[in-house]
Each structure stands twice: as structure tokens, then as C-alpha cells.
Amino acid sequence: MADQILDQIREVAEGQIDFEGQKLAELIVNVALTLIGAIAFIVGYVLQDIKLALYIALGGAAIVFVLVVPPWPFFNRHPVKWLPVGGGAQIQAPQHLVIDQKAIR
């Protein structure tokens, strides 16, 4: 029973995200941090309060961290189908390979 629980926790902690998920995570980080930085700057400038601007920026960064760092399932919508290890037909090199109009054996 404990092993099953530990396996589930390990599976969630390791998590998998695909290449499209990585692209989405990068987009979320870039857009969100840019917006949060702009909002923090504008609020700090208008209210002349650097402490409030820093709190807004740090809070926004924490929210982005929670949104992007865990391997949420929506980051793995397009999993990569890898070839089996050592399985399948052996790939043979071509008998006559032509590179730049020169035959190579």
C-alpha cells in the first residue's frame, strides 16, 4: 500500500511534458512576467511606492511559478511516441550512397 502511494507521488513529481507543452510554458512565462512587470511598474510609479511595486512583482512571479513549474496535464497533450529500444527491424546502411555526385561505399 505504501509503495503504491509512493509510486503515485513519484509519478506526479517527475511528470512529463512534451515539446508543445514546453513551448506553451515558455509563452506563459514570457507574457505573464512582462504583464506583471508592467503592472508593478505602473502601480509603483503612480502611487510612488516601491514596496508595493515589489510585492506585486514578487506575488505575480510566485503565481507564474505555481502555474508553470509543476507538470500539469495540459502540458502533455501531445506526447511523443518514441521507438522501442532495440525492437523492430534492424536499419541497414545503403549499399551505394551518393554525396555531392560521388559514390561512397
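Condition first: under 30 Å from His78 (Cβ atoms) and among the aromatic types (Phe, Trp, Tyr). Now tell me which residues in the range 1-54 satisfy that.
Phe19
Within the set of pairs 6 or more residues apart or between chains, which connect a residue that is over 17 Å from Glu20 (Cβ atoms) and part of a helix (DSSP H, G or I) inside the range 61-89 to a residue that is acidic (Asp, Glu) and modelled with pLDDT of 90 or more with Cβ atoms less than 9 Å apart?
From the range 61-89, no pairs qualify.
A quick yes/no check of all residues on (1) at pLDDT below 90; (2) in contact with a Pro (Cβ under 8 Å, 6 or more places away or on another chain); (3) open to solvent by less than 90 Å² (accessible area, probe 1.4 Å):
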site: Glu20; (1), (2), (3): no, no, no
site: Val46; (1), (2), (3): no, no, no
site: Lys51; (1), (2), (3): no, no, no
site: Ala62; (1), (2), (3): no, no, yes
site: Leu83; (1), (2), (3): yes, no, no
site: Gln90; (1), (2), (3): yes, no, no
site: Pro94; (1), (2), (3): yes, no, yes
site: Leu97; (1), (2), (3): yes, no, yes
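Just checking, which of Ala40, Ala57, Ala25, Ala62 is closer than 26 Å to Arg10 by Cβ and more than 14 Å from the chain's Cα centre (by Cα)? Let's see the steps before the verdict.
Working: Ala40 fails: closer than 26 Å to Arg10 by Cβ; Ala57 fails: closer than 26 Å to Arg10 by Cβ; Ala25 fails: more than 14 Å from the chain's Cα centre (by Cα).
Going through Ala40, Ala57, Ala25, Ala62 in turn, just one is closer than 26 Å to Arg10 by Cβ and more than 14 Å from the chain's Cα centre (by Cα): Ala62.
The values are calculated or read from the model by the stated rules, or taken from the named source; none is laboratory data. Here the structure is a predicted model, which means the values were calculated and not measured. Here the Cβ is made from the backbone with ideal geometry for all residues, glycine too, and neighbour counts use every protein chain on show. When the accessible area is computed, the model is the full protein with side chains, heavy atoms only, and any ligands, DNA or RNA have been set aside. Shrake-Rupley method; radii C 1.70, N 1.55, O 1.52, S 1.80 Å.
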